[in-house]
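Novice: Below is one structure. I have some questions about it.
The values are calculated or read from the model by the stated rules, or taken from the named source; none is laboratory data. Note that the coordinates shown come from a computational prediction; the quantities given were computed from them, not determined experimentally. Quick reminder, even Gly has a Cβ in these numbers, built from the backbone with ideal geometry, and neighbours come from all protein chains shown. Note: accessible area is taken over every heavy atom of the protein model, side chains too, but ligands, DNA and RNA are not part of it. Shrake-Rupley method; radii C 1.70, N 1.55, O 1.52, S 1.80 Å.
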Amino acid sequence: LIIIVNDLFLFFLSYEIAISINQKEVFYPNFEQALMLVWIPILGVSILYVAGVYNSIVRYINFEGIYVLLKGLCVIVLVDLLALLFLKNTHPLYLSINENLVMQTWIIGWLFTLLLIVGSRFTAHAYFLDDIVESRVMIYGAGSAGIQLASALKHSSEMRPISFIDSN
């Protein structure tokens, strides 16, 4: 649920930024414009939900999860592009800004969406990732070879020597 709310906010924010960039001033939508722009995040989150993006756990996300996310975002782009081309008089971007800037705004909005949503996944993954994933090992032999192995393992992030075992 937190990821869905985050994505809704990031979709809306990316198109806010895109419109602001094209108008060369901060875009403050009035209530009607905000209602027109809100369908983009709802459509985006719905498509990502159907694509299965929200089935993965962010802590364990890998490049396959990012690939599914990118596929979902590409489907959103195609649906929004078709809406932009065929519903030009009712599309939120067309009604919110100058019609000459619609395609530029749409492309910038999509790029910001891609950057913000994929970036949020990588940020969450890095935040929730366990810093040290190491195995504790016991070294058999307390002689010079065991000591040499222990000193080499001290520089390893994968294994940590915890004790020596010797027959003496």
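Novice: Is it the case, given these coordinates, that I3 is surrounded by 16 or more Cβ atoms within 10 Å (Cβ to Cβ) and farther than 20 Å from R121 by Cα? Full working, then the answer.
Specialist: Values: surrounded by 16 or more Cβ atoms within 10 Å (Cβ to Cβ): yes; farther than 20 Å from R121 by Cα: no.
The answer is no for I3.
Novice: Which pairs have Cβ atoms under 6 Å, sit 6 or more apart or on different chains, and link a residue in segment 139-154 that is in a strand (DSSP E or B) to one that is open to solvent by 50 Å² or more (accessible area, probe 1.4 Å)?
Specialist: I139/L149; I139/F164; Y140/I165
Novice: List, please: which pairs have Cβ atoms under 7 Å, are six or more places apart or on different chains, and start with a residue in segment 5-32 that is under 15 Å from Q104 (Cβ atoms) and end with one that is β-branched (V, I, T) and open to solvent by 60 Å² or more (accessible area, probe 1.4 Å)?
Specialist: Short answer, once both residue conditions are applied: S20/V26.
Novice: Hey, another quick one. What about I17, is it exposed (fewer than 15 other Cβ atoms within 10 Å of the Cβ), β-branched (V, I, T), closer than 28 Å to F128 by Cβ and at pLDDT 85 or above?
Specialist: Values: exposed (fewer than 15 other Cβ atoms within 10 Å of the Cβ): no; β-branched (V, I, T): yes; closer than 28 Å to F128 by Cβ: yes; at pLDDT 85 or above: yes.
Against the criterion (exposed (fewer than 15 other Cβ atoms within 10 Å of the Cβ), β-branched (V, I, T), closer than 28 Å to F128 by Cβ and at pLDDT 85 or above), I17 does not qualify.
Novice: Under 18 Å from T105 (Cα atoms), at pLDDT 75 or above, touching a helix residue (DSSP H, G or I) at 6+ places or on another chain (Cβ under 8 Å) and of a type in the set (A, V, I, L, M): is that true of I40 in this structure? So that I can check it myself, show each step before the final result.
Specialist: Details: under 18 Å from T105 (Cα atoms): yes; at pLDDT 75 or above: yes; touching a helix residue (DSSP H, G or I) at 6+ places or on another chain (Cβ under 8 Å): yes; of a type in the set (A, V, I, L, M): yes.
Yes, satisfied.
Novice: Modelled with pLDDT of 70 or more, assigned to a helix (DSSP H, G or I), surrounded by fewer than 16 Cβ atoms within 10 Å (Cβ to Cβ) and in contact with a helix residue (DSSP H, G or I) (Cβ under 9 Å, 6 or more places away or on another chain): does that describe L95?
Specialist: Working: modelled with pLDDT of 70 or more: no; assigned to a helix (DSSP H, G or I): yes; surrounded by fewer than 16 Cβ atoms within 10 Å (Cβ to Cβ): yes; in contact with a helix residue (DSSP H, G or I) (Cβ under 9 Å, 6 or more places away or on another chain): yes.
Considered against the rule, which asks whether it is modelled with pLDDT of 70 or more, assigned to a helix (DSSP H, G or I), surrounded by fewer than 16 Cβ atoms within 10 Å (Cβ to Cβ) and in contact with a helix residue (DSSP H, G or I) (Cβ under 9 Å, 6 or more places away or on another chain), L95 comes out as no.
Novice: Let me ask you something else. Please count how many residues of segment 125-141 are open to solvent by less than 70 Å² (accessible area, probe 1.4 Å), of a type outside the set (V, I, T) and modelled with pLDDT of 80 or more.
Specialist: Result for segment 125-141: 1.
Novice: Do we have A145 as open to solvent by less than 40 Å² (accessible area, probe 1.4 Å) and either in contact with a Gly (Cβ under 9 Å, 6 or more places away or on another chain) or at pLDDT 85 or above (or both) here?
Specialist: On the way: open to solvent by less than 40 Å² (accessible area, probe 1.4 Å): no; either in contact with a Gly (Cβ under 9 Å, 6 or more places away or on another chain) or at pLDDT 85 or above (or both): yes.
Here the answer is no, as A145 does not meet what is asked.
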